[in-house]
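Novice: Shown below is the structure under consideration.
Rule-based calculations on the coordinates, nothing more; no lab input. Given the structure is predicted, the values throughout are model-derived calculations rather than measurements. For neighbour counting, all protein chains shown are included, and Cβ atoms are generated from backbone atoms with ideal geometry for every residue, glycine included.
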Amino acid sequence: MTDKIAIIGSGYMGGGIAQVMALAGYDVHIADVSFDVTKDNRARLMKETADFVADDLFPADAVERIEARLTAAKDIETAVADAVLVEEAVPEKIEIKHETLRRIAAAAPGDAIIASNTSTISIGALAEAVTSPGRFLGVHFSNPSPFIPGVEVIPHASTDQATIDQACAFVHETGKETAVVRDVTGFVLNRLQYALFHEATQLLDEGVATAEDIDTLVRTTFGFRLPFFGPFAIADMAGLDVYNFCYKSLQTDFPERFATPRVLSELVESGKLGTKSGGGFTDVPAERIPELIAYRNKAYVKLNELMAELGPPPID
Ligand SMILES: NC(=O)c1ccc[n+]([C@@H]2O[C@H](COP(=O)([O-])OP(=O)(O)OC[C@H]3O[C@@H](n4cnc5c(N)ncnc54)[C@H](O)[C@@H]3O)[C@@H](O)[C@H]2O)c1
């Protein structure tokens, strides 16, 4: 029998997650504030699916596949009955999430995994509403969920390891990648995203560049690398000694904001300078460096071609 997945809250995120899960072959049941709202949301998702197919964004048979596997449930209790995974995607208010999670935990099978799509609320605080909280964790899809390939998985202090493994396995069935992070404020995604936004707004406030020029620089310089390499792989390729010098230079005007990170000093002091010396954050073996450089160059050329093909975003 096909595994049943329930998505509670069938708005923007829940709707996209439901489409992705149905395309992956699961039997998906959605529920919202009322049966009428759920039925309307299902109709919206089917119309959107047809548009995505017309634009070549979904497979050609997506309408038939999602039509067959997406059910509007009469209420939360019906949606979660017999489910193996329940994803909560109701508004980002702890009272609404607590109330919804209480109902889910009471009606779902005892061995079902219960997940929240929260972007900012502590998973530990949400877990207070879930009986047997070892089965509960954060499974945080990004917007737009049908198309963004990464999912942040956030266990709280007493989430069972089996829950984490199974939640990741469900997500992998959709073709998406997972990364497991600790339950801290902002998790990883938002801490990094807001650190960049914070510095960008400082540059704007100081009159260093316009918002448009800052965006251009992010897109076309260091941000251009980010679909392929994270900050650690990039630092290793640049050379950790180079990063160390840059920190010293930044400290002339910003001694505290750009204090050299401890882990960077330790690596440099022990002669681990990244790709050029071996050792560093990613520790690529010397014999694989030519392969890495060839991959990097190919990735950047292909990305440039894609950007030329798509043209600039219609922002102005
Ligand atoms: N929008 C984003 O960019 C984004 C990105 C990542 C994570 N998230 C998170 O995903 C969650 C949902 O956000 P969204 O953008 O889809 O919001 P949304 O407002 O589009 O959807 C929320 C849905 O929940 C329903 N709902 C409200 N109360 C409910 C209840 N008691 N029971 C059942 N359904 C109820 C609403 O009717 C609505 O359909 C939030 O936790 C949000 O922080 C949002």
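Novice: Is there a quick way to get the dipole size of the chain? I mean about its Cα centre, with the Cβ of Lys and Arg at +1 and of Asp and Glu at -1; what is the value in debye to the nearest 20?
Specialist: Roughly 460 debye, rounded to the nearest 20.
Novice: For labels at E173 and E77 in the simple 7 Å Cα→Cβ model, what's the distance in nm?
Specialist: Distance between the two pseudo-spin positions: 2.6 nm.
Novice: If you take the square roots of the eigenvalues of the alpha-carbon gyration tensor of segment 221-310 and sort them as a ≥ b ≥ c, do you get rounded (a/c under 1.5), prolate (a/b over b/c) or oblate?
Specialist: It is oblate, given that a/c is not under 1.5 and a/b is not larger than b/c.
Novice: Take the Cα atoms of the chain, find their three principal axes, and give me the spread along each one in whole Å, biggest first.
Specialist: Largest to smallest, the principal-axis extents are 62, 46, 45 Å.
Novice: Segment 151-173 to segment 41-98: how many Å between their Cα centroids?
Specialist: Comparing the Cα centres of segment 151-173 and segment 41-98, I get a distance of 21 Å.
Novice: Just need the relative contact order of segment 247-313 here, percent rounded to a whole number, with Cα pairs under 8 Å and 6+ apart.
Specialist: Taking the mean separation of contacting Cα pairs over the length of segment 247-313, I get 13 percent.
Novice: I'd like the FRET efficiency for L303 and Q161, computed as 1/(1 + (r/R0)^6) with the beta carbon distance as r and R0 of 30 Å, rounded to 0.05.
Specialist: That pair, L303 with Q161, gives E of 0.20.
Novice: Sort 171-179, 31-39, 128-136 for me by packing, meaning the mean count of neighbouring Cβ atoms within 10 Å per residue, highest on top.
Specialist: Ranked by mean Cβ neighbours within 10 Å, highest first: 128-136, 31-39, 171-179.
Novice: Kindly state, to the nearest 0.05, the FRET efficiency for I289 paired with K47, given R0 = 51 Å and r defined as their beta-carbon distance.
Specialist: The formula returns an efficiency of 0.55 here.
Novice: Right, here's the next one. Once both axes come from the Cα atoms, what is the angle between helix 12-23 and the longest principal axis of the chain, in degrees from 0 to 90, rounded to 10?
Specialist: Rounded to the nearest ten degrees, it is 80.
Novice: Within segment 1-43, what residues put their amide N at less than 17 Å from the label point 7 Å along the Cα-to-Cβ vector of K93?
Specialist: Zone members listed by number: 9-12, 32-34.
Novice: May I pose another question? How do the peptides 92-105, 280-293 rank, highest first, by the average count of neighbouring beta carbon atoms within 10 Å per residue?
Specialist: The most tightly packed comes first, giving 92-105, 280-293.
Novice: Could you give me the ³J(HN,Hα) list for segment 26-39, computed from phi with Karplus coefficients 6.51, -1.76, 1.60 and θ = phi - 60°, whole Hz, x at Gly and Pro?
Specialist: 7, 8, 9, 10, 9, 9, 9, 5, 8, 4, 4, 4, 4, 5
Novice: At 0.36 nm per residue, minus the direct Cα-Cα distance, what do F245 and A68 gain on full extension? Give it in nm, one decimal, please.
Specialist: Between F245 and A68, full extension yields 57.9 nm more.
Novice: Could you sort 110-123, 302-315 so that the peptide with the highest average Cβ count within 10 Å comes first and the rest follow in order?
Specialist: 110-123, 302-315
Novice: L226 to M1: FRET efficiency via 1/(1 + (r/R0)^6), r the Cβ-Cβ distance, R0 30 Å, to the nearest 0.05?
Specialist: Efficiency at R0 = 30 Å is approximately 0.15.
Novice: On full extension of the chain, what length is gained from T131 through K39, given 0.36 nm per residue of separation minus the C-alpha to C-alpha distance?
Specialist: That works out to 30.2 nm of additional length.
Novice: Which cross-chain or sequence-distant (5 or more) residues have an amide H under 5 Å from the amide H of G138, H modelled 1.01 Å from N in plane?
Specialist: Distant-sequence amide H within range of G138: S116, I154, H156.
Novice: Can you give the relative contact order of the chain as a percent, counting alpha carbon pairs under 8 Å and 6+ residues apart?
Specialist: Relative contact order comes out at 11 percent.
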